[in-house]
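The values are calculated or read from the model by the stated rules, or taken from the named source; none is laboratory data. In this text, all values refer to a predicted model and were calculated from it rather than measured experimentally. Don't worry about glycine lacking a Cβ; one is built from the backbone with ideal geometry, like all the others, and counts go over all protein chains shown. For accessibility, only protein heavy atoms count, side chains too; no ligands or nucleic acids. Shrake-Rupley method; radii C 1.70, N 1.55, O 1.52, S 1.80 Å.
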Amino acid sequence: MWFLQKKQVKQTVYPSTYQKQIMTITHIKEDNIVTGPGVAKLIKISNKHGVSISLSNYGASLVSAIMPDKNGLFADVVLGFTQLEDYFNDQNYLGATIGRFANRIAQGRFVLDGKTFQLDVNDGANINHSGASGFSNKLFCYQVKGNKVLFTLYSKEGEGGFPGDLHCTVSYELTDKNEILIDFKAHSNQKTIVSFTNHAYFNLSGKHTDICDHRLSIPSTEMLEMDKDYLPTGMIIPVGKNAFSGQPVASVMAENDNKGLNNYYLLAKKIPAELVLAAELLHEISGRRLKVFTDSPGVLLYTGDFLNTAGIGHHGKPYVAFNGLCLECQHYPDAPNQPIAPAVAIEKGAVYQQKIIYQFDTIQR
């Protein structure tokens, strides 16, 4: 359940127009009703199997995903808070839409058509997930349309330092195949840069435990070499001891001095818009399996080693390191400054599109 308190939200970060209200939509009963951005809400969608997801227009976030195990028992497999206002103060991006630009940009600076743009940094000298002006901190308008929830946001020119007025949409759909389909679109009135992702933390056990026993496969032979600040060095290297071919997450971390992982894996694609398998995550005890598909050029694995929340999670406790992992389908980190990266600039009026599919099922072992 989504509990709300009357705690005052700091106006310096969050608009004072936020009202503490909720609305639950089950089986999409309110078609084509457009709701403005003044109210933070929880929206629930269910399919014919009893599977459900909960979304919020705050950050266009995936709050909850209730999935069955191999014995038909349902549990939440994504990390989320029970109180709305914990999202306002959180720095872990739980389930959020990340934009305008996912991951880091070195020095918060890039050059576009000979002009230098300085962004608002939030990660030492760099910017991560678009800083304080990022979409994870925004209230979206939303519309229920058919079997989808469509979130929309207008980001004005200069917000966070980014060029161009950007209009974006993020749609979520829950299918009867237990898939969560996420579709991003954006366009701008001038040339700008764009890279979105969803920042869900997964724990397929359905319990408050770590993800070290989860088995992971990532179909990649190459990754980006990163420096100490998690910025690409400009080198593409073999995955080596960071390869995942179905072994437990803990075993690969052990090969890397028992440290958490923040690795960007390159995905082999024949054409840029092709949807390919990015990762497969399995929890053997519950039998739950997640397959992630994307049209992005790579996926960033983050094992949640810096995860530390003040807010209470779905199982009655704050989250700590390794309670969940992220599989962030996105463009290269620092792409505007990396000659090896595919282009992330979109021209005036051009439509940017990006897709992610979270496909859940169970297996017997």
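A single member of Lys241, Lys269 is touching an Asp or Glu at 6+ places or on another chain (Cβ under 7 Å), charged (D, E, K, R) and open to solvent by 50 Å² or more (accessible area, probe 1.4 Å), and it is Lys241.
Looking only at residues in the range 183-215 that are among the small types (Gly, Ala, Ser) and under 17 Å from Leu62 (Cα atoms), the one that is surrounded by the most Cβ atoms within 10 Å (Cβ to Cβ) is Ala200. Listed by position, the strands (runs of 3 or more DSSP E) inside the range 201-243 whose residues that are under 23 Å from Arg289 (Cα atoms) number at least 1 are 215-217. Evaluation of Ala132 against the conditions (1) more than 30 Å from Ser52 (Cβ to Cβ); (2) open to solvent by 20 Å² or more (accessible area, probe 1.4 Å); (3) of a type outside the set (S, T, N, Q); (4) part of a strand (DSSP E or B) shows that the sole unmet condition is (4).
In the range 277-332, the residue that is nearest to Ile98 (Cα to Cα) out of those that are open to solvent by 10 Å² or more (accessible area, probe 1.4 Å) and under 14 Å from the mean Cα position of the chain (by Cα) is His331.
Can you tell me which residue in the range 348-365 is farthest from the chain's Cα centre (by Cα), limited to those that are charged (D, E, K, R) and under 25 Å from Leu267 (Cα atoms)? Ranking the qualifying residues of the range 348-365, first place goes to Asp361.
For every residue, the table says whether it meets (1) hydrophobic (A, V, I, L, M, F, W, C); (2) in contact (Cβ under 8 Å) with a residue 60 or more places away in the chain; (3) open to solvent by less than 30 Å² (accessible area, probe 1.4 Å); (4) under 27 Å from Met67 (Cα atoms).
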{"residue": "Asn147", "(1), (2), (3), (4)": "no, yes, no, yes"}
{"residue": "Leu150", "(1), (2), (3), (4)": "yes, no, no, yes"}
{"residue": "Gly161", "(1), (2), (3), (4)": "no, no, yes, no"}
{"residue": "Leu166", "(1), (2), (3), (4)": "yes, yes, yes, no"}
{"residue": "Asn178", "(1), (2), (3), (4)": "no, yes, yes, yes"}
{"residue": "Leu181", "(1), (2), (3), (4)": "yes, yes, no, yes"}
